[in-house]
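Since every read-out is calculated from the coordinates, none of them should be taken as a lab result. Please read all numbers here as calculations on a predicted model, not as lab measurements. For neighbour counting, all protein chains shown are included, and Cβ atoms are generated from backbone atoms with ideal geometry for every residue, glycine included.
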Amino acid sequence: MIHLPLERRYVLGPLGVSALLLGIFSLPESYLFQLTFEREFIAQGELWRLLTGQFVHLTWSHLILNVMGLWVMYLLFAEHISGWRYGGLVIALALASNLGMYLFDPEIHRYVGFSGVLYGLFAWGALLDVSKNIKFGWLLLIGVLFKVTWEYLQGPVELGAATVSQLATSSHFFGMVGGLTVALAMLIWSIRKKRSQ
């Protein structure tokens, strides 16, 4: 029997982030432009764009896909984190994805979308699954590492009529790196806490 983590402490985080994504999407276009990842304006000191660019969507289909992805991550990994820490995790992953693009992919001038955070959540959750000996944890971890790294190094991938853009592969890669970094930090902190008790 499948156990869904429906306790309030697990559900509130994804609900809050979903509401935030929808709220930002509902803003007038002029406000959205103030939140997008724009390299030129970040260089001029508009540093909030390093965070907010991951929360902006320009079409309903893009928004719906990313919200669905958020809830898939919830179903897979909800019990690894709860409460206010979920919001902190999402913020850390958004910053990792956008900061990575800003520092290491100078060709990327403009970006919107939440997929960097989603890949970060996937990598973070898969590594924590491995640490807890959860079935299929290694398969998920190796899968995301291979897919995202391959796409980042090899460039855009043709998927029938669709193409995964260099923008997306860069966002996914740095989101994944952020997710692995946060998971490792959590594991190290947990080990140290146990040793000190």
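In nanometres, what is the gap between the two model label sites at residue 7 and residue 41, each 7 Å from Cα along Cα-to-Cβ?
Label at residue 7, label at residue 41, 4.1 nm between them.
Of 63, 187, how do they rank once you tally other Cβ atoms within 10 Å and put the fewest first?
Exposure proxy ranking, most exposed first: 187, 63.
What is the distance, in nm, between label points placed 7 Å from the Cα along the Cα-to-Cβ direction at residue 99 and at residue 142?
Going from the residue 99 label point to the residue 142 one covers 3.2 nm.
By a straight-distance test (C-alpha under 19 Å), which lysines pair with residue 132 as possible cross-link partners, with residues fewer than eight away in the same chain excluded?
193, 194
From the list (i) 191; (ii) 129; (iii) 150, can you say which value of volume of the Cα convex hull per residue in Å³ was derived from the structure given?
It is the value labelled (iii).
Between residue 34 and residue 195, what length comes free when the chain is fully extended (0.36 nm per residue of separation minus the Cα-Cα distance, one decimal in nm)?
Between residue 34 and residue 195, full extension yields an extra 53.3 nm.
If I take the Cα coordinates of region 67-129 and project them onto the principal axes, what are the three extents in Å, biggest first?
38, 20, 20
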